[in-house]
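Here's the structure, in structure tokens; my notes come after.
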Amino acid sequence: MKISVIGCGYLGAVHAAALASMGHDVVGIDTDPEKAGHLSRGFAPFFEPGLEDLLAEGRSTGRLVFSTEMDLVADADVHFLCVGTPQSKTSDTADLTYLEAATREVALRARAGAVVVGKSTVPVGTVERVRGWLGRTDLELAWNPEFLRQGTAVKDSLVPDRLVYGVEEGAGAEATVRALDEVYAPLLHAGVARIVCGFATAELIKSAANAYLATKLSYINAMAQLCDAAGADVTQLSAAMGLDPRIGQRYLAAGLGFGGGCLPKDIRSFRAQARELGVESVDAWMGLVDSVNVDQRGRVVGIAAELCGGSVAGRRVAVLGAAFKPDTDDIRDSPALDVSVQLAAAGAEVVVTDPKAIDNAWMRYPQLRFEPTAADAVEGAEVVLLLTEWAEYRALDPHQLALTVARPAIVDARNVLDADAWRAAGWDFRGLGTGDGVRSAGAVRAG
Ligand SMILES: NC(=O)c1ccc[n+]([C@@H]2O[C@H](COP(=O)([O-])OP(=O)(O)OC[C@H]3O[C@@H](n4cnc5c(N)ncnc54)[C@H](O)[C@@H]3O)[C@@H](O)[C@H]2O)c1
């Protein structure tokens with residue numbers, strides 16, 4: 001099929017490359033000339049494991065091109081809308097201006113009978129607005145929310161958990177489903193589950209899924225607070241809880257909490273939707289999830305101050321991690337950078353390192369110093385904070401690191417280090433929810 005992908009950021013670039021690898025002719029359009037230029041030369045404009053291989057494959061087959069030229073979408077059978085829907089600068093709601101602009105651009109150029117498919121995450125009721133922006137009755141409309149995760153986006157696109165098609169009941173529905181089935185034929189062939197539903201359900205499936213993940217994380221972080229108060233260990237608690245298959249281990253790790261370009265803005269948008277629809281319970285619920293999450297950042301700042309004898313003013317703090325999570329260079333709403341900025345505002349001299357995200361961060365945070373490696377960052381530090389759990393930080397040697405810091409004190413804000421090993425190497429070691437000194441290496445064993 002001929003396919004256009006409008007918006008080639010973390011979602012769209014991967015989607016375009018994945019569709020080309022499924023055998024389609026794909027044109028990816030982005031208004032950012034630098035991004036489109038990088039992509040058309042086969043370079044990923046951001047760090048995403050496996051993306052450059054997929055881009056190279058697309059280039060070699062000639063099935064994948066990128067451009068800023070909207071006119072190239074004219075003969076596409078299917079148009080995917082993948083532009084950003086960030087949080088509005090003035091409220092909790094999603095800013096739909098990029099979506100409106102992209103939709104209107106497509107409407108000016110799409111051939112009659114083409115299918116316009118939204119992938120961006122949107123508040124319930126948005127698809128009806130998109131129809132208005134399209135302003136044409138000869139185009140089919142569908143909503144196909146995306147569930148990929150940065151860091152594993154390529155795999156998630158090539159082997160997704162499920163495909164959701166939001167379509168309008170009525171005459172065109174069958175043809176729209178057929179078109180989407182043709183787009184995703186290799187995935188359906190491989191047995192990927194497909195859910196066909198109405199627009200509102202498709203919109204809500206995505207928001208509800210993200211709200212659930214955020215709930216699970218904030219739940220275990222609330223338990224971490226309880227564990228600290230009771231002198232218990234949340235890592236053992238969550239390991240034991242997660243062995244119940246009804247609960248599961250994933251998204252049950254207590255720590256600094258979630259950030260990024262999706263979960264925080266999506267739960268706030270969800271709150272705004274719930275308020276608009278008069279469903280107070282969801283509004284209150286998401287409010288609590290958000291505040292537990294944000295509180296974790298303040299708790300880490302507090303522990304750092306405690307380790308510095310009450311105040312971080314004038315103290316050197318080393319921060320390991322700037323990306324919002326490992327295996328991405330994305331710093332949107334990064335908990336690690338939020339903590340770093342709070343520490344700098346309290347007078348600390350903050351030195352941050354990250355394997356991939358420094359290029360994105362250094363210009364935006366002049367109050368922070370950036371170093372390329374953990375060894376450089378920790379030199380002379382009075383406290384070290386592990387805030388993003390990159391594999392290379394998990395593998396750090398506590399004996400070696402102890403030689404270069406001014407004082408061996410560390411906050412493992414992701415609860416990923418072996419507390420006993422670090423303590424044995426002489427470190428004053430703190431986790432989150434690990435009840436000072438209670439945590440031991442003894443993992444909960446199954447059976
Ligand atoms: N990033 C993820 O992991 C992920 C996962 C699932 C869903 N989503 C959703 O996908 C959407 C996009 O997210 P993202 O992370 O890729 O955002 P992003 O900011 O990385 O990418 C958006 C891209 O759209 C481009 N753009 C804006 N207006 C345009 C226009 N009129 N025409 C062409 N291009 C335009 C921007 O230049 C940018 O490159 C959001 O709604 C997000 O919630 C993201």
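The values are calculated or read from the model by the stated rules, or taken from the named source; none is laboratory data. This is a predicted model, so every value here is computed, not measured. Using ideal geometry, Cβ is built from the backbone for each residue, glycine included, and neighbour counts are taken over all protein chains shown. Areas reflect the complete protein model, heavy atoms only, side chains present, ligands, DNA and RNA absent. Shrake-Rupley method; radii C 1.70, N 1.55, O 1.52, S 1.80 Å.
Structure data summary
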{"quantity": "Rounded accessible area of residue 63 (nearest 10 Å², 1.4 Å probe)", "calculated": "70"}
{"quantity": "MRE, 222 nm, helices only [DSSP H, n ≥ 4, -39500 (n - 2.57), over the chain, to nearest 500]", "calculated": "-13000 deg cm²/dmol"}
{"quantity": "Surface accessible to a 1.4 Å probe, per residue, for the residues of the chain, Å²", "calculated": "42"}
{"quantity": "At most 10 other Cβ within 10 Å, DSSP loop - trypsin sites (Lys or Arg not before Pro), region 234-268", "calculated": "246, 250"}
{"quantity": "Contact order relative to length of the chain, as percent, for alpha carbon pairs under 8 angstrom and 6 or more apart", "calculated": "12"}
{"quantity": "P(r), alpha carbons of region 296-359 - 10 Å bins starting at zero, rounded %", "calculated": "24, 52, 22, 2"}
{"quantity": "The chain - charge dipole about Cα centre, Lys and Arg +1 at Cβ, Asp and Glu -1, debye rounded to 20", "calculated": "380"}
{"quantity": "Surface share of carbon and sulfur [accessible, 1.4 angstrom probe, percent] for region 296-382", "calculated": "50"}
{"quantity": "Accessible surface of residue 269 - all protein chains present, 1.4 Å probe, nearest 10 Å²", "calculated": "10"}
{"quantity": "With Cα atoms, 0 to 90° folded angle of helix 335-345 axis to the chain main axis", "calculated": "50"}
{"quantity": "Compactness of region 1-117 as Cα Rg over 2.2 N^0.38 Å, two decimals", "calculated": "1.04"}
{"quantity": "The chain: antiparallel DSSP beta bridges as a percent of all, rounded to 5", "calculated": "5"}
{"quantity": "At 1.567 mPa s and 4 °C, Stokes D of region 209-430 from Kirkwood alpha-carbon radius, µm² per second", "calculated": "72"}
{"quantity": "Share antiparallel - DSSP beta bridges, region 2-197, percent rounded to 5", "calculated": "10"}
{"quantity": "Under 19 Å from the Cα of residue 89 - lysines, other chains or at least 8 residues apart", "calculated": "265"}
{"quantity": "Rounded percent of accessible protein surface that carbon and sulfur make up, region 1-118, 1.4 Å probe", "calculated": "51"}
{"quantity": "Orientation-averaged projected area, Cα convex hull of region 72-198 (nm²)", "calculated": "8.5"}
{"quantity": "Average Cα contact separation per residue, region 315-447, under 8 Å, 6 or more apart, as relative contact order %", "calculated": "23"}
{"quantity": "Spatially proximal lysines relative to residue 216 (Cα-Cα < 16 Å; intrachain offsets below 8 disregarded)", "calculated": "206"}
{"quantity": "Rg/Rh (Cα only; Kirkwood hydrodynamic radius) as it applies to the chain", "calculated": "1.00"}
{"quantity": "Residues of type lysines that residue 35 reaches as a straight line, Cα spacing below 21 Å, ignoring anything fewer than 8 places off in the same chain", "calculated": "119, 356"}
